[in-house]
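K.L.:
Here it is, the structure in full.
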Amino acid sequence: MTKTRPKNRRLRIFPALLWSVVATTMFSGPALAQTAILSQPPNHIDAHVSDAKLQSSLVLPNPTGVCVAENFVLSSEKTIVQARIWGIYFPGGNAPALDNFTVVIHADTAGLPGPALSTQHNVPATRQVTGESVGGSTEHVYTLMLNPVVQAPGTYWVEVCNDTTGNPASFYWEFGAVDPLHGIPGAAFVFTALFGSNWQVLGIDTDRQDLAIEITAQPGTTAVPALTEWGMAIISVLAGASGIYLVRRRKAA
């Protein structure tokens, strides 16, 4: 015996397909595009140590680490989600098996890093060789994936410090060209293991006073999905289509 399909099966599927189109179109608000809020490319000239690993020095009484920070300005609220920096390992240029980056966002206090507003340890990061070199050492680029940090308009510092304990070479953060829009000339450094050590200005010369970094953010305010013009048009079509569907369904019944 031959089975026949119900005449109204396609009609039953039709509303579901139509509503799926509506759901993806009528409430499609603007996407939160990620943009670079600070862009300071590397200068391939020199780099400054930024490593928490304890190291001895002829000019310091005890072994200590050294961390550095770069300052920037936000003109509107942003959510910081990523940082990209350039650096080398010195001496010898040998990279550790794994990096261990700590990223700290500081408030600005009289032109130097102030209280920590956000501290993230062991930040997930990727490392790639760029093909360039700095003073004979292989240059790397690092992409640091941050937990979102919302910051209001103002002046801030970002401290990026590696910890290469166990590796003969230390991490050096490369110098870069200051961002003319959101950058501020100058950087800062601090000795991590010296009692009473405070942040100090890092300004060797015009080629070695700003650090190579790109900070990526998205708008600080999350957009609420809004009814678009396309959504309003589809509602009109849906109203007519639903009427046709109901009429055919009643006739089929």
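K.L.:
Applying the selection to the range 49-74, what residues are modelled with pLDDT under 95 and hydroxyl-bearing (Ser, Thr, Tyr)?
P.N.:
Ser56, Ser57, Thr64
K.L.:
Quick one: Gly93 ticks every box in (1) assigned to a strand (DSSP E or B); (2) among the small types (Gly, Ala, Ser); (3) in contact (Cβ under 8 Å) with a residue 40 or more places away in the chain; (4) over 20 Å from Ala36 (Cβ atoms) bar one, so which box is it?
P.N.:
(1)
K.L.:
If you don't mind, another one. Does the range 129-149 include one or more residues that are under 18 Å from Glu70 (Cβ atoms) and of a type in the set (D, E, K, R)?
P.N.:
Yes: one or more hits.
K.L.:
If I filter the range 157-209 down to residues being of a type in the set (Phe, Trp, Tyr) and touching a Lys or Arg at 6+ places or on another chain (Cβ under 9 Å), which single residue comes out as surrounded by the fewest Cβ atoms within 10 Å (Cβ to Cβ)?
P.N.:
Ranking the candidates gives Phe175 first.
K.L.:
Only residues that are aromatic (Phe, Trp, Tyr), assigned to a loop (DSSP other than H, G, I, E, B) and either under 21 Å from Trp86 (Cβ atoms) or in contact (Cβ under 8 Å) with a residue 24 or more places away in the chain (or both): list them for the range 180-201, please.
P.N.:
Trp199
K.L.:
Then there is this: Does the range 128-140 contain at least one residue that is crowded, with 19+ Cβ neighbours inside 10 Å and not in a strand (DSSP E or B)?
P.N.:
no
K.L.:
Still on this model: Quick one: which of Ala177, Ala169, Ala110, Ala97 is under 18 Å from Ala83 (Cα atoms) and either at pLDDT below 95 or of a type in the set (Gly, Ala, Ser) (or both)?
P.N.:
Ala177
K.L.:
Of the conditions (1) over 23 Å from Ser75 (Cα atoms); (2) more than 18 Å from the chain's Cα centre (by Cα); (3) not in a loop (DSSP other than H, G, I, E, B); (4) not acidic (Asp, Glu), Gly114 clears all except one; give me its number.
P.N.:
(1)
The values are calculated or read from the model by the stated rules, or taken from the named source; none is laboratory data. All of these numbers come straight from a predicted model, not from anything done at the bench. A quick note on method: Cβ atoms are made from the backbone with ideal geometry, for glycine too, and the neighbour counts reach across all protein chains shown.
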